[in-house]
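Below is one structure; the comments refer to it alone.
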Amino acid sequence: MKGEPMNIREIQCKSLLTRSNLPKVDYCINPYVGCLHGCVYCYARFMKRFTKHSEPWGRFLDVKVNASEVLERELRRDPRRGIILLGSVTDAYQPIERKYRLTRTILELLVRSDFPVSVLTKSALVTRDIDLFRQFSECEVGLTITTLDQDIAHDFEPCSSRPSERLAALQKLHSAGIRTYAFIGPIFPRLTGIDRIVSRVAGSVDYIMAESLNLKAGDHAKMLEIISRKHPKLFDAYQKGFGRQYWNDVEQQFRESCKQHGVAIGGFFIHGT
């Protein structure tokens, strides 16, 4: 994935603050369209049909260069206060965020408006904004961790921060007094290593959430190709899928691990099987 050509373009958006149907979230803000992390399992690739891109998901990114102006206008309308998720169908900390700083500018506006903010990312760049997170009266930051194995992570999420970098980011955020959580998702059966992750993040997070692998989302063919090539003994199981009882057992394992390591649970989500 790295080294392949990317299409990055600047666009104008008409709105930014969007009502959300996600649990425990009132609004979503997505500073970018698309995502350059290139995760094979990404559910948000459905967004491609709303763009004019011919590139595969993970190889294009639209930058909403007027995002701060639009959000400032929306906030002047005094919307009902509620929790804002950054972002729901993109990662707010794209590599190019270092240049455009859209997410940072958005956070600066939200601090002044005193909106509660929740961030979920796979990027260690999130630690750049610790100074802003500390100014919110309500704020939490989560890091997605699918595995601690760098080789597995590179196969399934090739352009995201390394697992070790995400662990360090959680520790740095938590040490700064920011509410943090780890999101173990999706769980790759027999590859993720739930107990290892829980034991490593204990002490760096306020709680943990987890989610089953959704074989109906993402690039299913690519996922199976990786499994066939790198983990051939698991291919038949991944091809057949994993039933409800399997995920019930995984959830029990997750809950026992969290209890053992003294970490609160924010939820375990199982997709339809």
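The values are calculated or read from the model by the stated rules, or taken from the named source; none is laboratory data. All of these numbers come straight from a predicted model, not from anything done at the bench. Note: ideal-geometry Cβ built from the backbone for every residue, glycine included; neighbour counts use all protein chains shown.
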Answer from I208, I194 - the residue that is under 18 Å from K122 (Cα atoms) and in contact (Cβ under 8 Å) with a residue 60 or more places away in the chain: I194
Test set (1) touching a Cys at 6+ places or on another chain (Cβ under 6 Å); (2) surrounded by 18 or more Cβ atoms within 10 Å (Cβ to Cβ); (3) more than 20 Å from D219 (Cβ to Cβ) - S20 fails condition number: (2)
Check on S113, surrounded by fewer than 22 Cβ atoms within 10 Å (Cβ to Cβ), small (G, A, S) and under 27 Å from G58 (Cβ atoms): no
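Yes or no, residue by residue, for (1) at pLDDT 95 or above; (2) touching a Ser or Thr at 6+ places or on another chain (Cβ under 6 Å); (3) hydrophobic (A, V, I, L, M, F, W, C); (4) closer than 26 Å to G177 by Cβ:
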{"position": "R45", "(1), (2), (3), (4)": "no, no, no, no"}
{"position": "F60", "(1), (2), (3), (4)": "no, no, yes, no"}
{"position": "E72", "(1), (2), (3), (4)": "yes, no, no, no"}
{"position": "V141", "(1), (2), (3), (4)": "yes, yes, yes, yes"}
Test result for R80, more than 18 Å from the chain's Cα centre (by Cα), among the charged types (D, E, K, R), part of a helix (DSSP H, G or I) and surrounded by fewer than 20 Cβ atoms within 10 Å (Cβ to Cβ): no
Residues (surrounded by 21 or more Cβ atoms within 10 Å (Cβ to Cβ), out of contact with any Gly (no Cβ under 7 Å at 6 or more places or on another chain) and hydroxyl-bearing (S, T, Y)) located in the stretch 23-55: Y32
Of residues in the stretch 116-128 being of a type outside the set (A, V, I, L, M, F, W, C) and surrounded by fewer than 22 Cβ atoms within 10 Å (Cβ to Cβ), the one nearest to L167 (Cα to Cα): T127
Members of the stretch 42-70 found to be out of contact with any Leu (no Cβ under 8 Å at 6 or more places or on another chain), without any contact (Cβ under 8 Å) to a residue 60 or more places away in the chain and over 25 Å from L107 (Cα atoms), listed by number: F46, K48, R49, F50, T51, K52, H53, S54, E55, P56
Tally, over the stretch 193-230, of residues that are closer than 18 Å to I152 by Cβ and in contact with a helix residue (DSSP H, G or I) (Cβ under 8 Å, 6 or more places away or on another chain): 18
Pairs, first more than 15 Å from E211 (Cβ to Cβ) in the stretch 249-265, second among the hydroxyl-bearing types (S, T, Y), C-beta under 7 Å, six or more apart: H261/S199; V263/Y207; A264/Y207
